[in-house]
Structure formats: C-alpha cells, structure tokens
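J.: Below is the structure I would like to discuss, written out as structure tokens.
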Amino acid sequence: MPLDKAMPSLSQTRLSPVDVIGLGVGNSAGEELHLSATAQAALGAADWVIGSARQLALVAPWVPEQRARLLPKIPELLAQLEDMPDKRVVVLASGDPLYYGIGRCLIAHFGADALRFHAGVSSIQAACHRLALSLQDVDVLSLHGRPVSVLRRYLRAGARLLILTDKHSHPRQLAQLCVECGFSQARISVCENLGYPQEAISHWTVTELLAEGSGQNREFAALHVSVIYAGVGDGVLPVFPGIADAQFFTDGASGQGMLTKREVRLNILSLMQVQAGDVVWDIGAGCGGVAVELARWGGGAQVFAVESKAQRLACLLQNRDHFGVPDRLHIIAGRAPAALAELPPANKVFIGGSGGELTQILQQVWSGIPRGGCVVVSAVTETSQQLLRSFEQQLVAGQYRSEALQIAVSRRGELAGEPCFRPLLPVYLYRFEKTAARSEVIDNV
C-alpha cells in the first residue's frame, strides 16, 4: 500500500510532538551526519528512534541500541505512536519526508500540530543535480507500490520524467513500456546509490536496455531513481481530452460497441467539471469511454465505474491499464442501484446506463450527493427523457439548477462512392446540480 493511502484518519492529540527527520543523500554509515542543529537535538533527546535497518545504521554512533526500534508496517507504526503519546519519538525517513514520503500519512493520522519535520536532500534533488536538470522542468512520478502502467499517463513528446521505482518498475520494465507506447527513441538515465561510495550513473537508450547481452544482463542497485527522456512519440497515447473512439477496446467493431462517442464524451466532461478531490460514480460504464477520460484528465479525482456485463468489464479493465489510470479508476462489477451501497460517497455522478432502473437510481443518487454536487445523465430514448423531465418536476424550486442539451452529430462517410455525412443518433444530456444542503424530491417519480 502506498504510504499516502495508509489509514488517513485523524488521531488524538499527542502530548509530545513526533520529530520526523529526513536522512538526506550524502549521509553514510560511520560518517558525520549532515543534519540541522534542531534535528540533531531531537535525535539526542529522543526516547525512541524508529527507522529502517539502513537508517538506524546511519545514526548508530549517536543513538544507543536500547533507544532504536525497527520501522514496522505503517498501520503498526501509527498504533505504536498512539500508545506512547508522552514519549519523545523520532521517526527516520529518506530525503524529504513530505515529498512522496511518510510525512503525508503521519499528518493525515495525527494532524500537523503533532509533528515536526526536518528535511534532508532527497534523491530527486540529487539526481537532478547529477544530471544538470532543473527540478521545475521535470515531472516526478512515484511508482513505489503502484502499477507501472501509471507511467502511460505521463509519457508524452519531450517529457522528462523522474521515476521513483520499486522492484516492479526497474529500468527494463520502463524501457519496455516506452516502446509499447511509441517512444522507441527514448533514453533512460539510472542513478544508483546516490550519495554513497558505490554511487553510479549510467545512460541507456531503451533499445540498449532491452537488447540481449547488455541491458538485460545488467543488475541495478535496489536504491536507484530513473530519469526518462521521452523524445518523440508516434501518437499511441492521447495528450488531450477527446480520445478517438478507435483507441478504446470495445465489445464491438473498432470504435463501436458500448462506448460513448467522442463528441458526446467531450460535452460530458464539460458538464461534469471533475477536479482533484472529487469522488465520481459512472453508472452503466460500458467499455469505459467516459470513466477513462474522467480519470485521466480529472486531476486526481477517484472514479468508480459500475458495470454488470462481463465482456464490457473486460474492456473496462483493458482501457484502464492502456490509458494509465489504474490508481484512479476503480471497476465495480454489479448492477445499480444495488452495487452503489458499498461505494464511497460521491459528489459527482454520471449515469450512462440504468438497466431500466433510472428512476430509483436518480432518487438514490440525488439524496446522497452533497450541496454543490451534480448528476449528469445521458438519454437516447423518449422514455428516458420523460423520466428525466418527470424527475425534475418533483424537485423543489430553489434547491437545484439544471440544464439540458441535445447533441446531434454527423460524421463523414460514403454513399455510392461519394463523400457524405451520416447522422448519428441524437443524444440528450441533462445536468442537475444541488444548490441546497438538503434538496428533496417532493413525491415519488
């Protein structure tokens, strides 16, 4: 589990703040520690010092063995800290604890007032200095505890990506994914053991990393970061909202099947206005066209896609990984409204399919979303439109806002060998926004 996902619940106030000390690049066992005076004072006064075996070895000359504790798994660490609220505790971290480190988890659990942070030089900073890269010109991505397919969301022409890796995202896996995504000319620099006597920096093309007898036989140190220079791609991955229909895996012919078409998708994105912090339900997600775009362009919003058909679920899974959103798009196998009971509360909902349960789904969703939340519904049939109009008639005036639009699209085709435009079925989009803390349906629809 990534550190920033572990147990984000606010704990009791500690009587004595926890000092979180980042051991930066350049600190080696047996040498003088490069720490601020306040960090050194905290280390010297601590009742307990908690860290990994490597970190404890760095501070061993200054911390008696009886005050040292090995770092446990995160839930156990949080429990230990709760059990000694009056003890002076130091938690050792790598580099900057507040940048892809343990700091975020500790703040979420104990609150900022219960913690004091002492930053060290991170491997990210050190790698940029070794490679003469301005940190503001680099996108940093942690694949520690995350699927390597997340990288697909960041690869684009000219990108410089600094990757924090684990055993599942070593340089060869990164190279393989670059090739799969059309970046066959990409280069990768690997920075190993930064700040240690064994420090090594090597530079590779993705071809070299994947070639027999060279990169494939190279063993990289466990402590390393990789920098990808993407170069020029060949358009395998999208770079802007409005992904072409043919790029999706579907349960029909190319660009067909249960997939919301691009022109409609773009309007749905505009109506939803998804952003970081949102929890979104996509009900009747089909093959995932809308869900993928919401997750990919939604700034970190968490999207829950509900679908019951096995073939469409398989396409959803393929599309989620292909477009690099496995950490943002959660697939729920089931039918609404029953499948909604176990989901985290949503503030934005898209209903693309209802299986004949539109009225019940609308009522359940509307009662659950908060003030400022919205529901967007797509409809094709006159029956669905009638249900939507009837639903709106039951809402209390002044407690909601609504809008509706018809999307009629014609696409170029051929007729008797001549170009012509063929109309698609019109799609109707309805948007309801809750403007009151309680917005009621005055009668059953």
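The values are calculated or read from the model by the stated rules, or taken from the named source; none is laboratory data. What you see is a predicted model; the values in this text were computed from it and never measured. Cβ: placed from backbone, ideal geometry, glycine included. Neighbour counts: every protein chain shown.
J.: Any residue in segment 115-124 that is more than 30 Å from Q185 (Cα to Cα) and in a helix (DSSP H, G or I)?
T.: Within segment 115-124, the subset more than 30 Å from Q185 (Cα to Cα) is 115-121.
Next cut, in a helix (DSSP H, G or I) only: none.
No: zero hits.
J.: Examine segment 237-245 for a residue that is at pLDDT below 95 and farther than 26 Å from A408 by Cα, and state whether such a residue exists.
T.: Among the residues of segment 237-245, at least one is at pLDDT below 95 and farther than 26 Å from A408 by Cα, which makes the answer yes.
J.: Just to be sure I understand the filter: pairs with C-beta atoms under 8 Å, separated by 6 or more residues or on different chains, first member in segment 365-377 and part of a helix (DSSP H, G or I), second member of a type outside the set (A, V, I, L, M, F, W, C). Which pairs pass?
T.: Going by the 8 Å Cβ cut-off, the qualifying pairs are W366/K434; W366/S439; G368/P345.
J.: List, please: which pairs have Cβ atoms under 6 Å, are six or more places apart or on different chains, and start with a residue in segment 84-96 that is free of Cβ contacts under 8 Å to residues at least 40 places away in the same chain and end with one that is assigned to a strand (DSSP E or B)?
T.: none
J.: Tell me, yes or no, whether segment 402-417 has at least one residue that is in contact (Cβ under 8 Å) with a residue 12 or more places away in the chain and closer than 24 Å to V279 by Cβ.
T.: Yes, some residue in segment 402-417 is in contact (Cβ under 8 Å) with a residue 12 or more places away in the chain and closer than 24 Å to V279 by Cβ.
J.: Right, E382: of a type in the set (D, E, K, R) and either touching a Cys at 6+ places or on another chain (Cβ under 7 Å) or within 17 Å of V349 (Cα to Cα) (or both) or not?
T.: Taking the combined requirement at face value, the residue does not satisfy it.
J.: In segment 344-356, what residues are in a loop (DSSP other than H, G, I, E, B) and buried (at least 17 other Cβ atoms within 10 Å of the Cβ)?
T.: A346, N347, G352, G353, S354
J.: A follow-up question, please. Among what's in segment 234-254 and is within 26 Å of L133 (Cβ to Cβ) and in contact with a Lys or Arg (Cβ under 7 Å, 6 or more places away or on another chain), pick the residue that is surrounded by the fewest Cβ atoms within 10 Å (Cβ to Cβ).
T.: So, considering only residues that are within 26 Å of L133 (Cβ to Cβ) and in contact with a Lys or Arg (Cβ under 7 Å, 6 or more places away or on another chain), the one surrounded by the fewest Cβ atoms within 10 Å (Cβ to Cβ) is V239.
J.: Now for a separate question. Could you tell me which numbered condition S184 fails, if it satisfies all but one of (1) touching a helix residue (DSSP H, G or I) at 6+ places or on another chain (Cβ under 7 Å); (2) buried (at least 19 other Cβ atoms within 10 Å of the Cβ); (3) in a loop (DSSP other than H, G, I, E, B); (4) small (G, A, S)?
T.: (2) is the only condition that S184 fails.
J.: Another question, then. Looking only at segment 275-288, count how many residues are part of a loop (DSSP other than H, G, I, E, B) and under 24 Å from T250 (Cα atoms).
T.: We begin by selecting, within segment 275-288, every residue part of a loop (DSSP other than H, G, I, E, B); these are 275-278, 284-288.
Still in the list and also under 24 Å from T250 (Cα atoms): 284-288.
Qualifying residue count for the region: 5.
J.: Turning to a different aspect of this structure: Would you pick out the residues in segment 251-268 that are of a type in the set (S, T, Y) and either at pLDDT 95 or above or closer than 16 Å to A379 by Cα (or both)?
T.: Taking segment 251-268 and keeping what is of a type in the set (S, T, Y), we get 254, 260.
T260 - this is the single residue of segment 251-268 that is of a type in the set (S, T, Y) and either at pLDDT 95 or above or closer than 16 Å to A379 by Cα (or both).
J.: Could you list, in sequence order, all residues of segment 190-216 that are part of a strand (DSSP E or B) and either in contact (Cβ under 8 Å) with a residue 60 or more places away in the chain or acidic (D, E) (or both)?
T.: The answer is C191, E192, I201.
J.: Being in a loop (DSSP other than H, G, I, E, B), under 30 Å from T165 (Cβ atoms) and of a type in the set (G, A, S) narrows it down to one of G255, G235, so name that one.
T.: Of the residues listed, the single one that is in a loop (DSSP other than H, G, I, E, B), under 30 Å from T165 (Cβ atoms) and of a type in the set (G, A, S) is G235.
J.: Kindly provide the set of residues from segment 58-101 that are in contact with a Ser or Thr (Cβ under 9 Å, 6 or more places away or on another chain) and part of a loop (DSSP other than H, G, I, E, B), ordered by number.
T.: Answer for segment 58-101, where residues must be in contact with a Ser or Thr (Cβ under 9 Å, 6 or more places away or on another chain) and part of a loop (DSSP other than H, G, I, E, B): L71, M84, P85, D86, K87, R88, G95, D96, Y99, Y100, G101.
J.: Looking only at residues in segment 187-220 that are within 30 Å of the chain's Cα centre (by Cα) and aromatic (F, W, Y), which one is surrounded by the fewest Cβ atoms within 10 Å (Cβ to Cβ)?
T.: Out of the qualifying residues, it is F220.
J.: Considering only segment 97-108, state which residues are touching a residue at least 40 places away in the same chain (Cβ under 8 Å) and among the hydrophobic types (A, V, I, L, M, F, W, C).
T.: Result: I102, C105, L106, A108.
J.: Can you name the number of the only condition in (1) free of Cβ contacts under 8 Å to residues at least 12 places away in the same chain; (2) within 22 Å of the chain's Cα centre (by Cα) that E76 fails?
T.: (2)
J.: Of all the residues that make up segment 394-407, how many are modelled with pLDDT of 95 or more and exposed (fewer than 15 other Cβ atoms within 10 Å of the Cβ)?
T.: So the answer is 5.
J.: Oh, and also: Out of the residues in segment 379-429 that are of a type in the set (K, R) and within 21 Å of L271 (Cβ to Cβ), which is farthest from the chain's Cα centre (by Cα)?
T.: Selected residue: R389.
J.: Go through segment 261-274 and give me each residue that's in a loop (DSSP other than H, G, I, E, B), surrounded by 15 or more Cβ atoms within 10 Å (Cβ to Cβ) and within 23 Å of the chain's Cα centre (by Cα). Write out each step before concluding.
T.: First pass over segment 261-274, keeping only residues in a loop (DSSP other than H, G, I, E, B): 261, 273-274.
Now restrict to residues that are surrounded by 15 or more Cβ atoms within 10 Å (Cβ to Cβ): 261, 274.
Listed by number, the list holds a single entry, V274.
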